[in-house]
Amino acid sequence: MPFAPHALESLFVGWPLANADLHRFEMSDPMVVFALALAVVLAVPLLFEKFKLPGLIGLILAGVALGPHATELIPEDSLVQPLGSAGLLYLMFLVGLEIDMHRFSQERRFSVVFGMWTFLIPQILGTLGAVWLLGFPWPAAILMASMFASHTLVPYPIIQRLGLVKERVVTTTAGGTVITDTLALLVLAVVAESTRSGGLTGLFWVRQASLFVVYTGAIVWIAPRLSRWFFRHVGNVEGVPGFLFVLTFAYGCAVLAPLAGLEPIIGTFLAGLTLNLLIPEQSRLMIRLRFVGEALFIPFFLLSVGLRVDVGLLIGSPKAWMVMLYMVAAGYVTKFLAAVITGKALKFSREETGILFGLSVNQAAATLAAVIVGVRLGIFSDEVLNGTILMILATCLLGPWVTERYGRRLALRIGEHELDSSGAPERIMIPIGSAQRIEPLMALAMMLRRPRSGEALYPAMIAPESDDPDTAVAAAEKALAAATLQAVEAETPVNPIVRLSDKMVEEILGSSRDLRISTLVLDDELAFPGEFEHVPSRLIELGRHMVFRFIHPAPVNTCRRILAAVPPLMERQAGFPAAWNAMRRLLNQAGVSLCVLAEQSTLQAMERRQFLKPNEQGVERSPLAHWSRLPLELQKMVGENDLCVVFLARTGQLAWKPAHARLPNLMKRLLGQRPCLIVYPPEMKWEKDPAAAEQSPVVQFQGLFPPPQVFLNMAESSLSEAVKRMVETVFTETQPAARRRLLADLDAMARDAALHIAPECLLLHSHKAVPPAPLVLLATRPEGFAEETPSASNASTPRVVILLLGIPDESPEEHLRRLAAVSAMFHVEGWIDHVRQARTYEELVALLSAETP
């Protein structure tokens with residue numbers, strides 16, 4: 001017997017105040033329903049999560065219990081239903097907005113494979129089962145099977161909470177969802193048209209295809225241009241105006257979708273995809289969009305799903321039971337088969353396959369659309385309608401549980417891989433000179449920061465010494481408040497720094513040492529009273545951080561392409577991998593394409609060292625005849641929506657040239673007001689002062705010995721042959737005469753001055769190398785290397801050989817510092833044994849990490 005809301009009156013009998021005003025308290029009152037729904041949205045997920053169950057399940061069950069077919073506390077025509085419909089559209093919009101477009105473009109084949117399997121298997125098996133087991137006619141069976149083929153990403157909030165939205169399985173599922181839902185809705189349109197008109201004509205297919213092309217083309221062409229114009233010309237784009245613009249555009253696309261014969265959910269998904277590249281993941285606008293969805297729209301959608309369930313209709317209806325059981329079983333089995341086949345075809349892990357099934361088994365939006373149209377046209381009976389509602393409930397209960405189970409496993413596995421055993425932090429400091437330029441600098445820093453690093457941003461302001469220091473510090477704190485608010489709204493940890501000093505450069509460098517800062521984001525116009533030299537140039541010259549020097553700071557998310565210029569030999573610098581990876585993070589966050597400008601030899605070297613991949617999606621190469629032509633080439637190539645990123649070396653480094661000092665000012669003149677980033681890779685600790693190194697020994701080892709410079713388990717038994725192979729492998733682009741001189745010097749060193757720096761560990765060093773030196777090479781052979789003239793000072797056969805190669809121009813002190821760093825490294829207890837035993841570079845690093853406290 002359903003619970004009657006008017007029974008509440010008996011609880012208030014005898015209450016003086018209540019008796020006077022009770023008639024005003026009606027459960028059908030929208031305000032009462034809204035308050036009750038909010039209380040459910042707050043309390044139920046907390047309760048279910050306390051018992052380690054997904055809160056999504058609790059909201060669906062709460063909808064069943066409070067709905068018109070149970071206690072009637074929430075009427076069928078209440079405002080929960082329209083809010084639920086809006087919530088479904090909002091959910092699909094967020095899915096499109098949060099897809100990793102860079103990965104999606106690289107792995108779109110995955111989405112196509114999954115989309116076809118997850119449509120074809122349910123469509124074919126579901127149709128045959130409905131005909132053979134339920135005795136349905138072919139049109140009804142085909143339409144029912146299309147409901148199994150479609151799915152809704154109901155557990156997507158779980159993926160958000162676990163931080164998995166950028167993983168390939170989520171990108172694959174989201175892309176596959178668009179394919180299968182579009183095909184399922186096309187089946188619905190075809191069956192409905194066939195039923196209405198008694199058949200299909202060629203005009204129907206032409207009209208449907210034309211409307212689809214026009215609709216999607218209009219969104220893809222108009223949205224980016226309109227959005228870029230709005231974000232550039234309207235102030236406070238990350239505040240209320242920006243939020244309302246995005247919301248209006250998304251729901252506008254939903255409203256127009258039926259005109260093209262599409263469901264509104266396809267429209268909002270396309271809207272999310274087109275805005276994806278313009279709203280960075282860590283921006284305040286994205287955080288606000290997620291917050292509103294997770295707090296209001298999506299919970300109301302889940303609640304509305306439960307309101308549709310009428311459990312009482314199953315009582316006394318065997319046919320309803322048969323239809324419901326078939327639909328639930330078909331939904332489970334066909335989606336499971338599609339997930340397993342896709343997982344095997346794409347070589348997904350067990351956790352990824354589980355997530356694939358958990359996300360795709362849920363039925364909701366397209367399923368409801370199909371069954372309602374089917375009932376309206378007389379294709380389906382009420383038993384199918386009730387079976388559909390219960391299938392939605394059953395699948396939406398299983399999907400979140402499976403997603404939570406396998407999502408946690410995947411998140412733990414990813415977390416283990418991402419743990420940095422070095423203990424070296426990646427911390428970003430943003431020295432600020434002007435409050436008006438804070439926003440683009442902070443936005444850039446948030447895009448460069450690793451999302452799961454846990455490290456804070458450090459906006460810093462140096463106040464000049466004055467007679468009233470309190471006022472100066474208060475003014476600086478007021479200016480930093482905007483930076484703090486921007487980071488907090490983007491859910492990014494922030495530690496603002498205020499210092500009182502007359503020397504900005506010394507204060508920034510000192511604070512960065514104290515805080516172990518790794519990266520500086522600098523405004524090119526950063527200035528300070530009393531500093532007569534260019535402050536960013538001084539910080540670059542005196543520091544060894546990675547530096548992003550921002551010329552004409554502007555929002556990076558409005559760019560469409562990054563033009564990255566790499567000078568000769570830059571790829572061989574020890575700090576270049578860190579700088580390149582940071583630029584790649586910026587590329588992925590902004591969701592833009594990349595064009596690399598470099599000499600042909602540099603492009604080839606970057607490909608050999610795997611900075612560039614052959615035929616990589618979204619990456620172009622633009623060879624330069626000579627590096628000196630870069631300014632002219634950039635002037636010709638750069639467009640209004642391009643961001644120039646130029647990698648430069650510090651004075652005296654391998655890739656440095658005197659012309660580099662003039663290039664930043666030249667870029668400012670040539671590019672006008674367009675933004676430009678000058679990137680200076682970090683100097684490795686051992687390049688300056690290994691005794692003062694703050695990194696762990698493992699990180700220093702990886703800095704000295706990157707993978708291309710390590711030769712494990714060499715086949716060459718002779719020391720001279722092993723040395724020859726090492727030199728010829730690393731110095732591939734060096735003149736043969738220079739290689740012969742280096743080999744002759746190393747042979748003489750092996751005969752007369754070899755150093756045994758540890759048991760079975762031999763070191764040869766030379767000053768006669770050429771670029772890419774200075775560098776250090778390492779080789780091992782378990783059986784040992786045969787020396788032509790064994791050293792009398794140590795009778796053991798060397799199983800580890802180290803080549804310390806310097807260049808003629810470096811000072812003896814620099815060469816000796818590297819020698820001291822290498823020698824100290826191989827005196828760490830247990831290290832030499834691990835070096836001898838390791839079979840791969842990864843195994844070697846793992847063994848050294850385990851040995852290092």
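Please give the length that would be gained between D752 and D502 if that part of the chain were fully extended, namely 0.36 nm times their separation in residues minus their C-alpha to C-alpha distance (nm, one decimal).
Stretched fully, the D752-D502 segment lengthens by 84.4 nm.
Could you tell me whether the range 239-304 comes out rounded, prolate or oblate from its Cα gyration tensor? Rule is a ≥ b ≥ c as square roots of the eigenvalues, rounded for a/c under 1.5, then prolate if a/b exceeds b/c, otherwise oblate.
It is oblate, given that a/c is not under 1.5 and a/b is not larger than b/c.
Are there GluC sites (Glu not before Pro) in the range 708-789 that DSSP puts in a loop and that have at most 14 other Cβ atoms within 10 Å, and which ones? Don't skip to the end; give the middle numbers.
Working: sites: E716, E721, E728, E733, E760, E783, E787, E788; in loops: E716, E733, E760, E783, E787, E788.
Counting only loop positions with at most 14 other Cβ atoms within 10 Å, the GluC sites (Glu not before Pro) in the range 708-789 are E733, E783, E788.
If packing is taken as the average count of other Cβ atoms within 10 Å, what order do 763-776, 175-188 fall into, highest mean first?
Working: 763-776: 20.7, 175-188: 22.6.
Highest-to-lowest ranking by the protection proxy: 175-188, 763-776.
Applying the Karplus parametrisation 6.51 cos²θ - 1.76 cosθ + 1.60 with θ = phi - 60° to the phi angles of the range 208-219, what ³J(HN,Hα) value in whole Hz is obtained for each residue in order, glycine and proline being reported as x?
Calculated HN-Hα couplings, in order: 5, 5, 5, 4, 5, 5, 5, 5, 5, x, 5, 5 Hz.
In whole Hz, what ³J(HN,Hα) sequence does the range 329-344 give by Karplus (6.51, -1.76, 1.60; θ = phi - 60°), x for Gly and Pro?
Running phi through 6.51 cos²θ - 1.76 cosθ + 1.60 with θ = phi - 60° gives 5, 5, x, 5, 5, 5, 5, 5, 4, 4, 5, 5, 5, 5, x, 5 Hz.
Find how much the distance from F34 to R629 grows on full extension, using 0.36 nm per residue of separation minus their present alpha carbon separation; answer in nm with one decimal.
Result: 207.6 nm gained on full extension.
Taking the Cβ-Cβ separation of D468 and F291 as r and a Förster radius of 56 Å, what is the calculated FRET efficiency to the nearest 0.05?
It comes to 0.85.
Trypsin sites (Lys or Arg not before Pro), restricted to the range 433-481: which are DSSP loop and have at most 16 other Cβ atoms within 10 Å? Display every interim value, and only then the final one.
Numbers: sites: R437, R449, R452, K478; in loops: R449, R452.
Sites meeting the loop and neighbour criteria: R452.
K668: which lysines have alpha carbons under 20 Å from its alpha carbon, excluding same-chain residues fewer than 8 sequence positions away?
K636, K657
With a ≥ b ≥ c the root eigenvalues of the C-alpha gyration tensor of the range 593-687, is it rounded (a/c under 1.5), prolate (a/b larger than b/c) or oblate?
oblate
Provide the packing ranking of 836-844, 327-335, i.e. peptides ordered by the mean count of other C-beta atoms within 10 Å per residue, highest first. Spell out each step's value before the answer.
On the way: 836-844: 15.0, 327-335: 21.4.
Ranked from most to least packed, the peptides come out as 327-335, 836-844.
Quick check: with the 1.4 Å probe, what order do W627, W132, W229 take by accessible area, largest first?
These residues rank, largest area first, as W132, W229, W627.
For labels at L377 and K50 in the simple 7 Å Cα→Cβ model, what's the distance in nm?
Result: 4.9 nm between the two label points.
What's the magnitude of the charge dipole for the range 609-664 around its Cα centre, counting Lys and Arg as +1 and Asp and Glu as -1 at the beta-carbon? Answer in Debye, nearest 20.
Roughly 340 debye, rounded to the nearest 20.
Would you pull out the residues with amide H under 5 Å of V645's amide H, same chain only if 5 or more places away, H placed 1.01 Å from N?
Long-range HN contacts for V645: L563, A564, A565, L677.
May I ask you to derive the FRET efficiency for A820 and E607 from their Cβ-Cβ distance with R0 = 30 Å, giving the value to the nearest 0.05?
0.30
Report ³J(HN,Hα) in whole Hz for each residue of the range 283-292, in order, from the Karplus equation J = 6.51 cos²θ - 1.76 cosθ + 1.60 where θ = phi - 60°; Gly and Pro get x.
With coefficients 6.51, -1.76 and 1.60, one gets 7, 5, 5, 5, 4, 5, 4, 5, 4, 4 Hz.
Are there GluC sites (Glu not before Pro) in the range 27-94 that DSSP marks as loop and that have at most 15 other Cβ atoms within 10 Å, and which are they? Don't jump to the answer; show the numbers that get you there.
Values: sites: E49, E72, E76; in loops: E72, E76.
Taking the range 27-94 and a limit of 15 other Cβ atoms within 10 Å, the loop GluC sites (Glu not before Pro) found are E76.
Given a Förster distance of 25 angstrom, what is the FRET efficiency for K347 paired with R108, based on the Cβ-Cβ distance and rounded to 0.05?
Details: r = 17 Å, r/R0 = 0.67.
Working from the Cβ atoms, E equals 0.90.
Near the amide H of L775, under 5 Å away, which other amide H atoms are found, from residues 5 or more places off or on another chain, if H is placed in the peptide plane?
L805
Which of the peptides 579-591, 393-405, 492-504 is most tightly packed, and how do the rest follow, judged by the mean count of other Cβ atoms within 10 Å per residue?
393-405, 579-591, 492-504
The values are calculated or read from the model by the stated rules, or taken from the named source; none is laboratory data. Small disclaimer: the values here were computed from a predicted structure and weren't measured. Note that each Cβ is placed from the backbone with ideal geometry, even for glycine, and that neighbours are counted across all protein chains shown. Ligands, DNA and RNA are excluded from the accessible area calculation, which covers all protein heavy atoms including side chains. Shrake-Rupley method; radii C 1.70, N 1.55, O 1.52, S 1.80 Å.
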